[in-house]
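In what follows, a single structure is set out as structure tokens and then discussed.
The values are calculated or read from the model by the stated rules, or taken from the named source; none is laboratory data. Just so we're clear, the structure is a prediction, and the values are computed from it rather than from any experiment. No Cβ is skipped: glycine too gets one built from the backbone with ideal geometry, and neighbour counts run over all protein chains shown.
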Amino acid sequence: MPTTSKSKTSARRARQEEPSLRLCVSENPKKPGSAAHARFAAMMTAATDGVVSIEAALSAGYTRADLAHDRGKGFIALKTRISE
């Protein structure tokens, strides 16, 4: 079955869009010495220009629970970045 231009465009867009996190704070808001502070610091270190891919954040030890909590508190924001 031949692919349509619409399905080609959708597939291309899916490959290009990378979910990422944008840091909304300049300093680590977590309690110093806590495990959450260490995870947030590791995630901040993985960021470039205040943006880190979700994959890189999770690889650095940040958890999905951290993501949900920190997003709710306004420490981070979800964004979609187009690959270059």
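A few remarks follow.
- ALA35 of a type in the set (A, V, I, L, M) and surrounded by 17 or more Cβ atoms within 10 Å (Cβ to Cβ): no
- Candidates are the residues of the stretch 1-38 that are in contact with a Ser or Thr (Cβ under 7 Å, 6 or more places away or on another chain) and within 19 Å of GLY72 (Cβ to Cβ); the one that is modelled with the lowest pLDDT is PRO19.
- Test: residue in the stretch 75-83 that is at pLDDT 95 or above, surrounded by 11 or more Cβ atoms within 10 Å (Cβ to Cβ), touching a Cys at 6+ places or on another chain (Cβ under 9 Å) and over 11 Å from SER20 (Cα atoms): yes
- Looking only at the stretch 39-70, and only at residues there that are among the β-branched types (Val, Ile, Thr) and either in contact with a strand residue (DSSP E or B) (Cβ under 6 Å, 6 or more places away or on another chain) or buried (at least 17 other Cβ atoms within 10 Å of the Cβ) (or both), the one that is nearest to PRO19 (Cα to Cα): ILE54
- Tally, over the stretch 18-32, of residues that are part of a loop (DSSP other than H, G, I, E, B) and in contact with a Gly (Cβ under 9 Å, 6 or more places away or on another chain): 3
- Among the residues of the stretch 33-47, those identified as free of Cβ contacts under 8 Å to residues at least 12 places away in the same chain and either outside any helix (DSSP H, G or I) or closer than 15 Å to SER59 by Cβ (or both) are GLY33, SER34.
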